[in-house]
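Written below as structure tokens is the structure these notes are about.
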Amino acid sequence: MSALSAVVYREMKIRATNLTFIFWDLFFPLLYMLVFGVGVNSALGAPTGIGNVGYNEFFLAGVLAMASFAIASNTSWSFFLDRDNGIFYEMLTYPMRRSEYLLGKVLFNVLIAVAQAALTLAVGRALLGIRLQWPKLPLLLAGMAIGTAGWFFFYAIFALRIRRNDIFNSITSVFYFAFMFASSMFYPLEPLPIWFRRAGLLNPITWEIDWLRYTSIGIGNFHSILLEGAAFLIFSLACFAFAVRCLKQQE
């Protein structure tokens with residue numbers, strides 16, 4: 001068994017022993033869509049300010065991005081568990097690259113994110129009648145995989161540099177609200193004040209959401225979406241490189 005496979009297997013065994021985390025990752029975003037999305041759709045009706053698109057369809061990409069964001073946060077938190085039981089520093093002595101350690105921790109959770117996306121799409125289509133762009137489905141799932149990995153590498157930087165669990169949780173809570181609400185997750189950016197719109201366009205989660213929205217319901221400009229997708233990929237690679245550097249400094 002390779003080092004990467006061993007880390008993936010270990011992560012899978014850890015998650016399998018705590019089904020609450022898997023249930024939370026798989027179903028909480030779905031419940032958010034059914035409760036919040038249906039409620040807003042019933043209160044506001046179909047118009048969203050972007051063509052003939054209902055709020056349920058508009059909010060779908062936001063739910064998917066929220067899931068990848070939350071799964072990444074939960075995965076990065078596991079560094080604190082590894083430190084507490086001593087396995088973290090033991091694993092640093094194993095004959096494997098630091099990049100393999102990071103990739104191994106996130107790969108199984110990427111599969112969870114893809115499964116969550118498939119479940120959300122199926123329920124959204126069956127219960128809410130969301131019209132999906134099925135030919136673009138592989139691009140959507142690729143966006144979920146890269147999005148989850150990118151946010152994990154981002155959070156791993158802080159998990160590796162911060163020693164106190166409470167400080168890490170405080171920082172992730174601030175990031176959660178800042179990234180979520182200063183983005184196109186809950187509302188289109190076009191009608192908003194220009195300062196808010198600019199902040200949203202510089203927000204990496206907006207890039208992910210716009211990609212997921214285009215590949216799920218076909219809303220957006222192809223060339224702009226392509227640029228945002230490339231920008232998020234660069235963001236993910238930069239976070240990965242910095243996270244590997246932080247991991248090397250743990251020795």
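The values are calculated or read from the model by the stated rules, or taken from the named source; none is laboratory data. Bear in mind the structure is a predicted one, so any value in this text is a computation, not a measurement. Please note: Cβ atoms are built from the backbone with ideal geometry, for glycine as well, and neighbour counts cover all protein chains shown.
Residue count for the range 162-194 satisfying the condition of being under 26 Å from Leu226 (Cβ atoms), over 17 Å from the mean Cα position of the chain (by Cα) and in a helix (DSSP H, G or I): 1. So if I check each of Ala72, Ala61, which one is over 17 Å from Ile217 (Cβ atoms), modelled with pLDDT of 75 or more and within 19 Å of the chain's Cα centre (by Cα)? After applying the criteria, what remains is Ala72.
Residues of the range 230-251 being closer than 21 Å to Lys136 by Cβ and surrounded by fewer than 20 Cβ atoms within 10 Å (Cβ to Cβ), which ones?
Taking the range 230-251 first, the residues closer than 21 Å to Lys136 by Cβ are 230-233, 236.
Result: Ala230, Ala231, Leu233.
Considering only the range 170-202, state which residues are among the aromatic types (Phe, Trp, Tyr) and over 27 Å from Trp134 (Cβ atoms). Phe175, Tyr176, Phe177, Phe179, Phe181, Trp195, Phe196, listed by residue number. One residue stands out in the range 127-141 among those that are at pLDDT below 85 and in a helix (DSSP H, G or I): the one that is surrounded by the fewest Cβ atoms within 10 Å (Cβ to Cβ), namely Leu127.
Residue by residue, here is whether (1) assigned to a helix (DSSP H, G or I); (2) touching a Gly at 6+ places or on another chain (Cβ under 6 Å); (3) modelled with pLDDT under 80; (4) closer than 30 Å to Phe186 by Cα holds:
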| residue | (1), (2), (3), (4) |
| --- | --- |
| Phe21 | yes, no, yes, yes |
| Val40 | yes, no, yes, yes |
| Asn52 | no, no, yes, yes |
| Tyr94 | no, no, yes, no |
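Within the range 123-138, one or more residues are more than 19 Å from Val106 (Cα to Cα), touching a residue at least 24 places away in the same chain (Cβ under 8 Å) and β-branched (Val, Ile, Thr). Under the condition of being over 17 Å from the mean Cα position of the chain (by Cα) and closer than 16 Å to Phe152 by Cα, the residues counted in the range 83-103 number 4.
Of the residues examined, Ala231 is not one that is assigned to a helix (DSSP H, G or I) and either closer than 30 Å to Phe88 by Cα or β-branched (Val, Ile, Thr) (or both). Leu192 meets each of the listed conditions (1) modelled with pLDDT under 90; (2) hydrophobic (A, V, I, L, M, F, W, C); (3) under 23 Å from Ala238 (Cβ atoms) apart from (3). Of (1) surrounded by fewer than 23 Cβ atoms within 10 Å (Cβ to Cβ); (2) within 30 Å of Phe88 (Cβ to Cβ); (3) modelled with pLDDT of 90 or more, Ile162 satisfies all except one. Which? Of everything listed in (1) surrounded by fewer than 23 Cβ atoms within 10 Å (Cβ to Cβ); (2) within 30 Å of Phe88 (Cβ to Cβ); (3) modelled with pLDDT of 90 or more, Ile162 misses just condition (3). Counting residues in the range 234-248 that are modelled with pLDDT of 90 or more and touching an Asp or Glu at 6+ places or on another chain (Cβ under 6 Å) gives zero. Taken together, Ile205, Ile225, Ile217 contain a single residue that is crowded, with 16+ Cβ neighbours inside 10 Å, closer than 27 Å to Gly129 by Cβ and under 17 Å from the mean Cα position of the chain (by Cα), which is Ile205.
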